[in-house]
Every structure is written in structure tokens, then in C-alpha cells.
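The values are calculated or read from the model by the stated rules, or taken from the named source; none is laboratory data. Quantities reported herein were computed from a predicted structural model and do not represent experimental measurements. Here the Cβ positions follow ideal geometry from the backbone for every residue, glycine too, while neighbour counts run over all protein chains shown. These accessible areas exclude ligands, DNA and RNA; they are computed on the full protein's heavy atoms, side chains included. Shrake-Rupley method; radii C 1.70, N 1.55, O 1.52, S 1.80 Å.
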Amino acid sequence: MRAIGKTILSTESSDAVLVVDGVAVPVRVRRSARAKAYRLSLDQARGELRLSLPTRANLKRALGWAQGHEGWVRSQMARQPALVTLGDGIVFPLEGREVRICWVEGAPRTIRLEGDRLLLGGAAESVGSRVLRWLKTRAKAVLETESHAMARDNGLIVASVGIGDPRSRWASCASSGAIRYSWRLILCPPEVRRATVAHELAHLLHMDHSPAFHAVHRRILGEDPRPARAWLRAHGTALHRFVG
């Protein structure tokens, strides 16, 4: 590592860090032939600071320019939602409604949902990781059932359904018919989740976002998908703050 003023540049990669209030903030450096000037941005989903610059631009100067925007970086980072570790007493959204995790000493380890409470016993220190596994299992089951049912109703075939935790998209569909969703869709209201399922099924017919695709998306869903997209734009980033 070598220091450039208040900026530390890694010699092993094109990434760097800016020092904001004495704290090193990682920066992903991206060169682009289309870039006409320096551009600093914050990926809300990843919480990642990015510096874009023209292909032939001087990296040292670009980092110095970025360091000059320390105040902007500080304000943007302050707006990032704080991480919430799942545990006893924590309230989180489940299928659009608020649910509280309730650890009961001496109760069975098996997690059960009763109204607006998620009850479980077992080791207190493993509550977060067990709730996270439960959420992923539930997400896989619900999304798999809805995908196959909606596909069957529309004469489509889904090869497989999987889940993951991507930051930049809510789902993806391969030309083979394999669909992969973010497990965090189980936190969304059901209508938002179903709109996402319909979106991926529409890709089985159109692997693009053409007018024909949007028409099929609406037909499969049976209603206007725009409110669901608007909900994800407004609330989706906050769903990434929950960790096990």
C-alpha cells in the first residue's frame, strides 16, 4: 500500500479507500470509455462507494478529486440504513407485515410463526443464524410454489428455482428456464413478490425488456406491475439491512 495525501491507493488492484473523519472508506474504481469526467456515486444496495473515470485518466488525480468530496461521502454514508442483526426482540418485515422474534428459554428449537411473533427456543446465541436459515427455507418454498403454479397457469415451464442474496437484482432467469431469486423477497408484501415472479416468467418468452416483454409481464401477473416496481425502488434497499 502507498499513501497519496489522505488517500490510500492499493498497488495490488484498481481499488482504493478514501479517509473520511479518520475512517477508511473502500472505493471501487471503474474506468469507462464512455466516461467524460470523474463521477463519485454510492451503490445503495451494496453500500459501496464507486469512482468512475475516463479510461486514460490519471488515477492519482481522480482520487485527489474524490477526497475533495469528503463532505458528500459523509452525508451519503450517514443516510445508509444501519444493519440490523436478527435476534430476540427484533422486529422485521415478513411478507409485508411486522413480525417480532421471541426467544423463549426452555422452548423447542423449532421455529414457529404465531400471528405477529416468531417463536423459538434453543441456544440464545444462535437465534440470528437460525432465523436467517428459516427465512431462506420459507422463501425457497414459497417462490418455488408460486413460480411453478404461475407458469403452469400460463403454459410455461420452469426448469428450476433457486435462491441467493444478490445486491443488484431481485431475480434472474436463464435461457434454460432456471430462475434464481433473492431470498429477501419473502420480506416483501406478497403482491410485490408475485410481480417479481411474473417478471421472471415473462423472460421465458422474451429475454429482454421490450414492449412485448412488458405486455407479457402484465398478462401473466393479471394487473399493472408498476406499483410493485415502485415499492421495490422505495423500500428495497432497506431490506438488505437485516443480517443473521
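Observations, loosely collected:
- Condition met for residue 42 (in contact with a helix residue (DSSP H, G or I) (Cβ under 6 Å, 6 or more places away or on another chain), part of a strand (DSSP E or B) and over 26 Å from residue 192 (Cβ atoms)): no
- Only residues that are surrounded by 12 or more Cβ atoms within 10 Å (Cβ to Cβ) and in a loop (DSSP other than H, G, I, E, B) were counted across the stretch 205-221, and they come to 4.
- Residues satisfying the stated conditions in the stretch 136-161, i.e. surrounded by 14 or more Cβ atoms within 10 Å (Cβ to Cβ) and under 21 Å from the mean Cα position of the chain (by Cα): 136, 137, 138, 139, 140, 142, 143, 144, 146, 147, 161
- Subset of the stretch 164-191 that is among the small types (Gly, Ala, Ser) and under 16 Å from the mean Cα position of the chain (by Cα) - its residue that is modelled with the lowest pLDDT: 168
- Number of positions in the stretch 76-123 that are of a type outside the set (A, V, I, L, M), closer than 19 Å to residue 136 by Cβ and in contact with a Lys or Arg (Cβ under 6 Å, 6 or more places away or on another chain): 1
- Which listed residue, of 131, 161, 142, is modelled with pLDDT of 95 or more, assigned to a strand (DSSP E or B) and under 26 Å from residue 238 (Cα atoms): 161
- The C-beta contact set for the stretch 66-85 (first residue among the β-branched types (Val, Ile, Thr), second residue part of a helix (DSSP H, G or I) and open to solvent by 40 Å² or more (accessible area, probe 1.4 Å), distance under 9 angstrom, 6+ apart or interchain) comprises 84/241.
- The stretch 224-244 residues that are farther than 14 Å from residue 168 by Cα, paired with ones that are of a type in the set (Ser, Thr, Tyr) (beta carbon under 7 Å, 6 or more apart): 243/85; 244/129
- Checking each residue in the stretch 88-135 for being free of Cβ contacts under 8 Å to residues at least 60 places away in the same chain, touching a helix residue (DSSP H, G or I) at 6+ places or on another chain (Cβ under 9 Å), buried (at least 17 other Cβ atoms within 10 Å of the Cβ) and not aliphatic (A, V, I, L, M) picks out 103, 122.
- Residue match in the stretch 166-183 (condition: open to solvent by less than 20 Å² (accessible area, probe 1.4 Å), part of a helix (DSSP H, G or I) and either among the β-branched types (Val, Ile, Thr) or within 15 Å of residue 225 (Cβ to Cβ) (or both)): no
- Residue selected from the stretch 50-66 under the condition open to solvent by less than 40 Å² (accessible area, probe 1.4 Å) and in a strand (DSSP E or B), by the criterion farthest from residue 120 (Cα to Cα): 54
- Residue in the stretch 67-78 that is touching a helix residue (DSSP H, G or I) at 6+ places or on another chain (Cβ under 7 Å) and either open to solvent by 50 Å² or more (accessible area, probe 1.4 Å) or closer than 30 Å to residue 184 by Cβ (or both) present: no
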